[in-house]
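Report on the following structure.
The values are calculated or read from the model by the stated rules, or taken from the named source; none is laboratory data. Keep in mind it's a predicted model, so treat the numbers as computed, not measured. All Cβ positions, even for glycine, are placed from backbone atoms using ideal geometry, and neighbour counts span all protein chains on display.
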Amino acid sequence: MTARFPRGVRAAGWFLPLVLIAVAAFISHGLVSRGPSRGTKGNPPTVLAALSHRPSLAFGFRNLLADVAWLQAVQASGNWKMTRAEYDRFSDLLGIVTRLDPRFLVPYLAGGLVLGESRPHAGRAIELLGEGERRFPLEWRFPFYVGYIYYFEVGDPSTGGEAIIRASRVPGSPAYFPLLASRMLSEGYRPETALVFLKEMVEQETDPQRRAMLEERIRLVAVERDQQVLEKAVADYRLRFGVFPGRIPDLVLAGVLPRIPEEPYGGEYLLSADGRVRSSRAPVERLKVLRKR
């Protein structure tokens, strides 16, 4: 015969865990909301922040406490224009979340993007996204967002291009990433790195359309490389003789340049009055990425 418990006892069996969860949430809310976690502006660290550095002491409540800290972080980032103190608090709360629950993907992504909009917090954003990239190597958005922040907030297109290269190698990443990376590397005066990367991509590509697209980008990057070489030679010529050369061949005649590079589209390189070099046949002016500022 199956034992039957009184209805009140059965109800208590369901109700007691809910009460414990509610109490834990209430306590953790108080622990989180008392102040910044790292003692910013003279305030002491919260108990929850200290606990996050020794998550084993949270027993079975690690995920619950991480969720509460994440809800507080979402509230801290809810203003359209956040103050420096709000960014600081948001960063502190993200640290609590990721220490308590390091496999919680969203705080790395969303947190990195929000912090990346604040120039003083760009380094923290890159650090957070980098940690996410190490923990979730099959998620291409992490290196992509790192590249975005390096380009738009830090003003470092070369490092940004390297991050986009990493993103492009993650299975399932968008097809345009190699082209974007090559633009960023070219703008950062590293076209040779872009060419090595693109040639490697061509060798691995089996789709004819994408292969043709990459080969076209190789020609454009080669033009950008030649323009940078020629413009440096023009600057050296002017430094030596006090005037711009009249035409590109003058660079070779003066011994500033050993030879004129061959234009990949079968055209020629032309010199403008202000010392800038352009191709007579390349379909675009220069390889640049649209900048936010």
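Details
- Selected residue (criterion: farthest from Ala181 (Cα to Cα)) from residues of the stretch 238-293 that are loosely packed, with under 12 Cβ neighbours inside 10 Å and among the β-branched types (Val, Ile, Thr): Val243
- Filtered residues of the stretch 114-123 (kept if buried (at least 17 other Cβ atoms within 10 Å of the Cβ) and assigned to a helix (DSSP H, G or I)): Val114, Leu115, Gly116, His121, Ala122
- Selection of the stretch 134-154 for residues being of a type in the set (Asp, Glu) and closer than 17 Å to Val114 by Cβ yields only Glu153.
- Test result for Pro178, farther than 26 Å from Leu270 by Cβ, within 17 Å of the chain's Cα centre (by Cα), modelled with pLDDT of 90 or more and of a type outside the set (Gly, Ala, Ser): yes
- Flag for Leu195 being without any contact (Cβ under 8 Å) to a residue 60 or more places away in the chain and assigned to a helix (DSSP H, G or I): yes
- Residue selected from the stretch 26-48 under the condition in contact with an Asp or Glu (Cβ under 7 Å, 6 or more places away or on another chain) and crowded, with 17+ Cβ neighbours inside 10 Å, by the criterion modelled with the lowest pLDDT: Ser37
- Counting residues in the stretch 131-138 that are among the aliphatic types (A, V, I, L, M) and buried (at least 18 other Cβ atoms within 10 Å of the Cβ) gives zero.
- Among the residues of the stretch 223-258, those that are touching a helix residue (DSSP H, G or I) at 6+ places or on another chain (Cβ under 6 Å) and of a type in the set (D, E, K, R) comprise Glu224, Arg225.
- Test: residue in the stretch 104-114 that is more than 25 Å from the chain's Cα centre (by Cα) and either more than 26 Å from Tyr148 (Cβ to Cβ) or touching a residue at least 12 places away in the same chain (Cβ under 8 Å) (or both): no
- Hey, Arg240 part of a helix (DSSP H, G or I) and closer than 24 Å to Phe152 by Cα or not: no
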